[in-house]
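The values are calculated or read from the model by the stated rules, or taken from the named source; none is laboratory data. Keep in mind that this is a model prediction, so the values were computed, not measured. When we count neighbours, we look across all protein chains shown, and the Cβ atoms used for this are built from the backbone with ideal geometry, even at glycine.
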Amino acid sequence: MDKIPQGIDTDAIKDEFPIDVDSTEPISILGLKKSTRVFKVRRPEILDELYIVDTLEGKDIACHPHIVGWELSWRAHACAKESVRAIDYLTDVLKGGNKIVFGQILRACLGYELDDEFRELSSDKDIRGVWIRPKYFKPSYRDHEGEIKDIRIVFEDFRFFPKGEDVVLIIQDTVASGRSCVEVLNRFLEYCKEYKTTISELYLYGFMASHGLKLIVDMAKRNNIKVRAFAIGNITDLAYNMYDMPVYGLDESYYKAFGEKIRKLGCIIHESTLERYLPEYPPGSDQPGDFSARQTQLLTCDAAGRFAYVPGNIRQHLKNSKRFLKSLRKISENEPWYSESWHGKIFENELNDLQRVLNSHI
C-alpha cells in the first residue's frame, strides 16, 4: 500500500461516506507496471464481469482537473496501455475469431486512447471503427438530470460495420447517466437488423458510475449481449445532476437543488486505491470532468456531415473547475469530517494549479 501522509484518516472517511472497499478482489497480471493494480468487482447486481484498473496516471486525471491537453493525453495513453494488457490477460477478445468494432462516440471518446493500444497490441487483428455523434440539445455541462434532456444522433458513419457477422463491440467513453451510450447501442442494434449482424459481446472502458452501468447492462441483457467493463480507478456513485462522478464527498448539485441539504457520495474502490487517491483528491469533485473540453483537439463532424477536428474548450473547463471546487470547499468546510490541514490544503493546491494553467491558456 502507498504510504499515507500524517493526518489523513482513511478509516474516518470510510466511516463517513458510502465507500465500498469490500467488493474488490486483487488480480495478479504479469507484464503490468509495478504501480498498476487490477481488481475484480464482486457486485453481481451491477455486472458479473466488472473490473477496475488502477494506475498512477488514472489517479492524476481523476484528482487534478488542471491536467489538460498534452498532460491529459499522455496519461490517458498510459492508462489505456495498462488496461489493454489487463483485458488481453482476462479475456479472449484478441484471441477469438470475432470481428472487433470500436463504437467511437464523438466527441470525447478518442481521448481515452484505447483503440490505439488495441491496434498496437494486435496489429494483425481486423479492428474496425464506426463513428457516431449523440448530442444533448440543451446545455449538458454538469446537468444530465431527469428525462428533460433531448439526446439525438446527429452524425453516423457505419461504412465499416461488418455485414452478416458476429462482432465484439468496444466503447471507450465516460459512463455517467448511461443515456448517451444507450442511444448509441439502440442505433447499433438497428444496423444489426439491417445487416444481419450480431453483437455477441460489449466491452466498456473509461470512468464509470454504477447508475449508468446498470442501465447499459440491462439493455444489453435484453438483447443477449454479454458485457465486460473496465473502469478507471473506481466505480462511482452518481450525483443528483446525473453528471458528477466523485470518489467521495458532498453532492454539490443536490445541495443547491434542495435548499442546502447534505447528500454524501462514495464509490466502489479497493482500499489501496483509496489510500492512493486521498492525499490528492478534492472531495466531491467530478473525476473525468468535461472530458471533451479537457482535450487539445476533438474529432467531430461539421454541418455537412464531414469529419473535422475542432479545439477542445480547455479554458472554459479550467474556469468551470475553479468555480466548482470553490463551491465544494464552501459547502464542505463546516462538516465534521473536513480537515483544514488536509482537505483545505488539497483544495488550495488544486485551485492554485487551475489558475496557473489558466494563465498559460490566455
- Among the residues of the stretch 341-352, is any crowded, with 21+ Cβ neighbours inside 10 Å, under 26 Å from CYS109 (Cα atoms) and out of contact with any strand residue (DSSP E or B) (no Cβ under 7 Å at 6 or more places or on another chain)? yes
- Which residues, counting only those in the stretch 6-49, are surrounded by 11 or more Cβ atoms within 10 Å (Cβ to Cβ), part of a loop (DSSP other than H, G, I, E, B) and modelled with pLDDT under 95? ILE8, ASP9
- Query: Out of (1) in a helix (DSSP H, G or I); (2) surrounded by fewer than 23 Cβ atoms within 10 Å (Cβ to Cβ); (3) not acidic (Asp, Glu), the odd one out for GLY58 is which?
  - Reply: (2)
- Do you know which of the residues in the stretch 71-104 that are free of Cβ contacts under 8 Å to residues at least 12 places away in the same chain and in a loop (DSSP other than H, G, I, E, B) is nearest to ASN234 (Cα to Cα)? ASP92
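Output the number of residues of the stretch 283-311 satisfying the condition of being assigned to a loop (DSSP other than H, G, I, E, B), touching a residue at least 24 places away in the same chain (Cβ under 8 Å) and either of a type outside the set (A, V, I, L, M, F, W, C) or over 29 Å from CYS267 (Cα atoms) (or both).
13
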- Item | Pairs with Cβ under 6 Å, 6+ apart, first in the stretch 1-18 and farther than 15 Å from ILE346 by Cα, second hydrophobic (A, V, I, L, M, F, W, C) and at pLDDT 55 or above | GLU16/TRP337
- Pairs only if they're at least six apart or on different chains, beta carbon under 6 angstrom, first in the stretch 176-205 and buried (at least 17 other Cβ atoms within 10 Å of the Cβ), second assigned to a helix (DSSP H, G or I) and among the small types (Gly, Ala, Ser); list them, first residue then second. ALA176/GLY212; SER177/GLY212; GLY178/GLY212; LEU202/ALA220
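Listed here are the residues, each with its yes/no results for (1) aromatic (Phe, Trp, Tyr); (2) modelled with pLDDT under 95; (3) within 17 Å of ASP173 (Cα to Cα).
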| position | (1), (2), (3) |
| --- | --- |
| ASP60 | no, no, no |
| ALA86 | no, no, no |
| TYR89 | yes, no, no |
| ASP92 | no, yes, no |
- Which one of GLU194, GLU201, GLU190 is part of a strand (DSSP E or B) and farther than 22 Å from ASP15 by Cα? GLU201
- Item | Residues being without any contact (Cβ under 8 Å) to a residue 12 or more places away in the chain and within 16 Å of the chain's Cα centre (by Cα) - total across the stretch 31-65 | 0
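Quick test for you: out of SER327, SER341, pick the one residue that is part of a helix (DSSP H, G or I) and at pLDDT below 95.
Details: SER327 fails: at pLDDT below 95.
Result of the check over SER327, SER341: SER341.
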- Message: Looking at GLY259, GLY249, can you tell me which residue is in contact with a Leu (Cβ under 7 Å, 6 or more places away or on another chain) and either free of Cβ contacts under 8 Å to residues at least 12 places away in the same chain or of a type in the set (Gly, Ala, Ser) (or both)?
- Response: GLY249
- Message: I want to confirm something. Restricting to the stretch 105-132 and keeping residues that are part of a strand (DSSP E or B) and more than 21 Å from the chain's Cα centre (by Cα), which single residue is surrounded by the most Cβ atoms within 10 Å (Cβ to Cβ)?
- Response: ILE127
- Message: Take the residues in the stretch 71-102 that are of a type in the set (A, V, I, L, M), over 24 Å from LYS163 (Cβ atoms) and out of contact with any Lys or Arg (no Cβ under 6 Å at 6 or more places or on another chain); name whichever of them is surrounded by the fewest Cβ atoms within 10 Å (Cβ to Cβ).
- Response: LEU90
